[in-house]
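Everything below concerns the one structure shown next.
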Amino acid sequence: MEQFLAFGIVGLSTAAIYAVIGSGLVLTYVTTGVFNFAHGAAGMLAAFAYWQLSAGWGWPVPVALAVVLLVLAPAFGLFVERVLLRPVQHLGEVERMVMMVALLSGLIAAARWIWNPNEARPLPVFFADRAPLRAGPVTITWHQALTMAVAVVAAVGLWALLNRTRTGAEMRATVDDRALAGLTGADPVRANRVAWILGTQLAAAGGILIAPAVALDARQLSLLIVSAYTAAIFGRLRSLPLTFLGAVVVGCLESYLTGYLPQNAYLPGLRLAAPALLLFAALLLFPHRRLRGRDRRLAPVPAPSARGALVFAASVAALGAVLATVLQGKDLITLGPLLPLGIVALSYVPLAGYAGQISLCQLSMAGIGAVVWAHLGAGGQPWALVVAVLVSALVGALVALPALRLSGVYLALGTAAFTVVLDRWIFTLPSFDVLGVRISMFDQGSLEVSGPSLLGLRLDGERELMVLSAVCLALVSLGVAVLRRGRFGRRLIALRDSEAAYATLGGNLLAARVAVFALAAGIAGFGGALYGMQLRTITAEQFSLVAGLPIFLIAVIGGLGYVGNGLFSGTAFVGPNILLGLASWTQNVVAVLPALAGMGLGHSPDGLVPRLRREWEPVARDRVVLPAVLCVLALAWLLRIADAVNGWLLLAGALAGALALRGWAAARRGAAAEPEIPVEWWGVRRPWRAEDGEVLARGIARG
Amino acid sequence: MSALLELRGVRAAHGRITVLHGVSLSVAAGEVVALLGPNGAGKTTILRVAAGVHPAESGRLLLGGRDVTGARPGDLARAGVCLIPEGRGVFPNLSVRDNLLMMTFAGRTRAEIEEIAFTRFPVLAGRAGQTAGTLSGGEQQMLALARGLATDPAVLLLDELSMGLAPLVVGRLYEQVAEIARQGVAVLVVEQFAAAVLGIADRAAVLVRGRIERQGDPGDGLRAELSALYLGSAT
């Protein structure tokens with residue numbers, strides 16, 4: 001009984017922290033309509049800042065606390081509101097969510113840059129020197145008591161603010177209808193600022209309170225928040241009392257699992273994964289109301305022409321051949337994952353681009369493909385690759401079934417929870433038997449992966465695998481293009497544009513969603529198997545949620561509706577890795593890049609792939625410049641093969657040549673182009689074009 | 001009569017498409033002006049420009065003779081411009097009481113506003129704690145209109161008050177509008193449902209393709225012209 005009570009106290013004090021963090025999450029969601037994926041990361045950053053001030057520089061605790069909570073946290077909240085969210089305010093819910101994912105990813109990378117993760121940073125608990133309070137059989141430390149007091153004060157204060165003051169009503173009104181709030185004399189910008197300041201302060205308080213109980217680690221602290229998310233989902237992202245209840249459930253569950261879970265090899269991960277499992281369950285069980293007044297912005301998904309898709313696929317294959325011949329030694333290994341990860345990123349195109357399903361678990365699907373291939377394809381049998389794809393697709397379909405009820409932010413959260421369950425539990429399991437089939441994961445360590453045998457050839461060298469990956473990426477890109485032009489692609493887009501309309505037109509929602517999840521997971525699993533071959537040794541860490549976020553971000557930046565996104569994402573994600581090893585700090589720069597790119601989303605919300613396409617199209621269509629570009633590239637390639645120039649010179653020369661020729665092509669085209677004609681005179685002063693109707697329709701729809 | 005609200009040569013655009021081509025319109029205190037015209041003529045845009053929600057590309061906006069061109073919607077609202085937008089001008093996730101609380105910006109206290117709103121629309125009193133989004137369409141419009149009563153506006157801009165409502169309810173709402181105007185408020189009404197508003201309007205303006213084609217007494221001549229416009233015969 002005494003032990004039971006002791007675990008209960010520990011659980012309640014953890015619950016209090018989750019309640020503080022969770023109520024901050026509810027506050028920002030209710031008052032700004034943004035689901036703050038980076039909420040935990042803000043708390044993490046506050047904990048590090050507090051450590052730096054108090055332990056690092058030896059400032060007195062009250063001063064350090066005041067600086068973090070009253071100066072740094074509000075400043076950070078204002079920064080997020082002004083710099084990150086204002087540019088995407090007019091875009092949709094999904095774009096704002098991507099911004100927050102970018103912030104999460106960026107803060108983890110930045111914290112690991114500033115505070116070397118290999119150094120231990122113990123934080124003392126508050127009032128460590130005071131004797132604990134005793135009440136009968138129960139013992140409560142001062143730190144625990146303080147935590148609970150903070151939670152209660154935060155709860156009462158927030159409730160009063162939101163429900164009893166005009167500022168609170170203004171904050172909620174701003175989410176409901178920003179324009180109308182302006183008409184009633186409220187200042188939407190001010191309301192958002194207040195919300196971000198308070199939300200960040202709550203996250204900071206939670207981060208500082210929880211840090212002494214766990215290791216001060218950027219990833220771990222940022223993801224501890226999964227528990228707080230669970231609490232917030234219990235409150236359906238609206239109700240503060242229910243969020244509190246959720247926090248108590250999660251906190252006590254974790255505490256009692258620590259105390260009473262039987263000891264065996266399979267269960268320790270379950271305790272770590274319990275909050276994520278509970279989050280998944282809460283997402284499925286509670287009905288979620290969409291916030292009203294949130295219109296979705298539907299990005300265009302152009303259908304690629306057959307010729308264009310073929311040319312693109314051929315270029316991808318050619319690029320693989322060029323890379324395989326040009327690269328040497330370390331660079332060959334560094335850039336090896338470029339094309340396989342491109343395939344993983346391409347899986348977002350049908351799933352998120354066409355069908356509008358935001359999933360954060362694609363890299364986990366890739367991990368499953370890699371594991372299956374590692375176990376079955378050790379001898380290089382091609383059929384094992386097929387099995388890897390099928391198993392990944394099956395898992396994808398399994399995720400789709402429960403996720404059918406979710407959309408938008410909730411789907412992203414659900415798939416993230418699924419990924420966390422895989423990371424913390426499933427991937428760490430030793431092998432086990434189900435119905436006579438032996439299932440092995442990463443064997444609690446790392447797995448060796450070998451290349452496949454195709455047509456009697458054993459493809460095991462980096463160069464052969466590079467060419468194989470290029471051919472595969474080309475084929476998958478072609479396949480996605482065919483999908484977009486076909487019936488299934490049109491159905492997926494109809495599903496994205498309006499589920500209700502899709503269903504009333506006789507479409508089967510369940511079948512379509514399961515099919516697209518399975519398809520995307522299969523593509524990701526295929527990419528994962530190739531990725532594994534390039535890496536040769538794989539660990540669970542390489543397929544974790546945190547590892548997958550940058551790929552998602554880059555894919556969003558590229559433009560989710562475009563087939564060229566696979567190549568773009570692979571290049572943009574893995575390409576900067578050639579900078580690794582040039583200096584000690586380049587690794588950190590490379591780690592922060594995807595997040596920075598994600599934060600730039602507001603500047604080209606439709607993606608960079610269409611922009612690149614627009615910029616390079618004159619080259620491809622020009623009968624003089626295109627051969628010139630090809631000649632320059634071929635010449636550069638020959639020089640490199642003959643070893644007359646080194647890799648950097650080749651890269652710089654090819655880029656400079658191509659850019660110069662692009663300028664030339666633009667100039668040639670610009671001379672022939674007509675002057676701008678006002679829209680009213682289209683069809684009068686110049687002939688009416690086929691695309692004009694759509695340009696007008698889009699212009700009107702945006703107005 | 002001196003104009004309380006005046007638009008002078010206002011041009012406005014949605015992106016590249018110009019919607020208003022130099023509109024001049026004025027409304028005096030206590031006057032109800034009906035703004036009529038076919039779909040896409042730019043009626044709603046005029047109201048949005050007058051409330052500061054939509055920027056004017058050129059032209060001026062005057063309030064009581066003072067130039068307020070480019071002022072923010074919040075500031076215009078405090079200066080007495082009240083726009084009840086198309087659809088339901090309420091916050092659907094806030095309770096009726098919180099919706100009324102949002103109307104305290106013009107100086108009246110919460111209790112005064114509830115007093116005014118509940119006296120004029122007793123049905124709202126019974127639903128004070130209910131979320132506004134769950135009210136019926138007519139009740140939501142009453143709640144929206146309560147803002148026009150309770151904030152003591154100088155100018156009331158109404159956009160499609162009748163949308164989606166039964167004729168009986170529309171009639172009652174427009175009685176309230178006439179009542180508000182009698183207290184000296186300048187009212188500019190946009191309405192597709194011309195018959196409802198012409199009954200209370202002092203003056204009517206017909207907007208066609210971003211230009212005011214006709215202004216004047218809402219008499220039979222205007223009605224004939226309107227029906228020609230709506231029914232598509234030559235103008």
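FYI, it's all coordinate maths here, none of it is from the lab. All values reported here derive from a predicted model rather than from experimental measurement. So basically every Cβ, Gly included, is an ideal-geometry build from the backbone, and we count neighbours across all protein chains shown.
3J(HN,Hα) along the range A:610-616: x, 5, 4, 4, 4, 6, 9 Hz, from the Karplus curve 6.51 cos²θ - 1.76 cosθ + 1.60 with θ = phi - 60°, whole Hz, x for Gly and Pro. Partner shielding of B:100-107 amounts to 4, given as the average count of beta-carbon atoms from other chains within 10 Å of each residue beta-carbon. Which shape class, rounded, prolate or oblate, goes with the range A:306-603 when its Cα gyration tensor gives a ≥ b ≥ c as root eigenvalues, a/c under 1.5 marks rounded, and past that a/b bigger than b/c marks prolate? Rounded shape, in that the Cα axes give a/c under 1.5. What is the Cα centroid distance between the range B:1-42 and the range A:612-665, reported in whole angstrom? One Cα centre to the other: 56 Å. The packing ranking of peptides A:429-442, A:451-464, A:372-385, highest mean first, is A:372-385, A:451-464, A:429-442, where packing means the average number of other beta carbon atoms within 10 angstrom of each residue.
A straight chain from B:Ala228 to B:Ser58 at 0.36 nm per residue would run longer than the Cα-Cα distance by 58.1 nm. Each eigenvalue of the Cα gyration tensor of the range A:341-496, multiplied by 5 and square-rooted, gives one semi-axis; in descending order these are 27, 23, 13 Å. Shielding value for A:162-174 is 3, the average number of Cβ atoms from other chains within 10 Å of each residue's Cβ. Sites listed here are GluC sites (Glu not before Pro) in the range A:77-172 whose DSSP assignment is loop and whose Cβ has at most 14 other Cβ atoms within 10 Å: A:Glu119. Modelled this way, with points 7 Å down the Cα-to-C-beta line, the labels at A:Asp129 and A:Val67 are 2.2 nm from one another. What the Cβ-Cβ distance of A:Leu270 and A:Leu394 gives, at R0 = 22 Å and to the nearest 0.05, is a FRET efficiency of 0.45. For B:Leu207, nonlocal amide neighbours, meaning residues 5 or more places apart or on other chains whose placed amide H falls under 5 Å from its own, are B:Leu36, B:Gly37, B:Glu213. Taking θ as phi - 60° and the Karplus parameters 6.51, -1.76 and 1.60, the scalar couplings of the range B:168-179 work out to 4, 5, 4, x, 5, 4, 5, 4, 5, 4, 4, 4 Hz in sequence order, x denoting glycine and proline. Shape index of the range B:1-117: Rg/Rh, with Rg the Cα radius of gyration and Rh the Kirkwood radius from the inverse mean 1/r over Cα pairs, equals 1.00. Going through the range A:47-156, which trypsin sites (Lys or Arg not before Pro) have at most 11 other Cβ atoms within 10 Å and a DSSP loop state? Here the sparse-neighbourhood loop sites are A:Arg130. The mean number of Cβ atoms from other chains found within 10 Å of a Cβ in peptide B:11-19 is 4, as a whole number. Using only side-chain charges placed at the Cβ, +1 for Lys and Arg and -1 for Asp and Glu, the dipole size of the protein assembly as shown relative to its Cα centre rounds to 760 debye. Under 1.5 on a/c is rounded, so check that first for the range A:214-373, then, if it is not, pick prolate when a/b is larger than b/c and oblate when it is not; a ≥ b ≥ c are the square roots of the alpha carbon gyration tensor eigenvalues. Note, shape of the range A:214-373 comes out oblate. With the Cα gyration tensor of the range B:3-231 giving a ≥ b ≥ c as the square roots of its eigenvalues, does the rule (a/c under 1.5 for rounded; else a/b larger than b/c for prolate; else oblate) give rounded, prolate or oblate? Verdict is prolate for the range B:3-231.
The coefficient of translational diffusion for the range A:1-106, derived via Stokes-Einstein from the alpha carbon Kirkwood radius under 37 °C and 0.692 mPa s, stands at 209 µm²/s. Principal axis extents of the C-alpha atoms in the range A:2-285 (largest first, rounded to whole Å): 59, 46, 37. Size of the range A:415-537: Rg and Dmax of its alpha carbons, in Å, are 18.9, 53. Pull up the DSSP beta bridges for the range B:3-231 and report the antiparallel fraction as a percent, rounded to 5. Beta bridges within the range B:3-231, antiparallel portion: roughly 55 percent. As a length-normalised measure over Cα pairs under 8 Å and 6 or more apart, the relative contact order of chain A settles at 18 percent. Can you work out the FRET efficiency for the pair B:Ile17 and A:Leu635, with r the C-beta to C-beta distance and R0 = 35 Å, to the nearest 0.05? With R0 = 35 Å, the Cβ-Cβ based efficiency is 0.10. The charge dipole of the range A:446-574, taken about its Cα centre with unit charges on the Cβ of Lys, Arg, Asp and Glu (plus for the first two, minus for the last two), comes to roughly 560 debye.
Along the range A:32-39 the Karplus relation, 6.51 cos²θ - 1.76 cosθ + 1.60 evaluated at θ = phi - 60°, assigns HN-Hα couplings of 10, x, 9, 7, 8, 4, 8, 4 Hz to successive residues, with x for each Gly and Pro. Measuring r between the beta carbons of A:Arg623 and A:Leu649 and using R0 = 41 Å, the FRET efficiency lands at 0.90. Beta-bridge orientation, the protein assembly as shown: approximately 65 percent antiparallel, per DSSP, counting only bridges with both partners inside.
Using alpha carbon centroids, what distance separates the range A:444-506 and the range B:156-235, in Å? Their Cα centres are 59 Å away from one another. Once both labels are positioned 7 Å from their Cα atoms along Cα-to-Cβ, the gap between B:Ser24 and A:Ala660 label points is 6.1 nm.
What do you get for Rg/Rh of chain A when both radii come from the Cα atoms and Rh is the Kirkwood radius? A ratio of 0.99.
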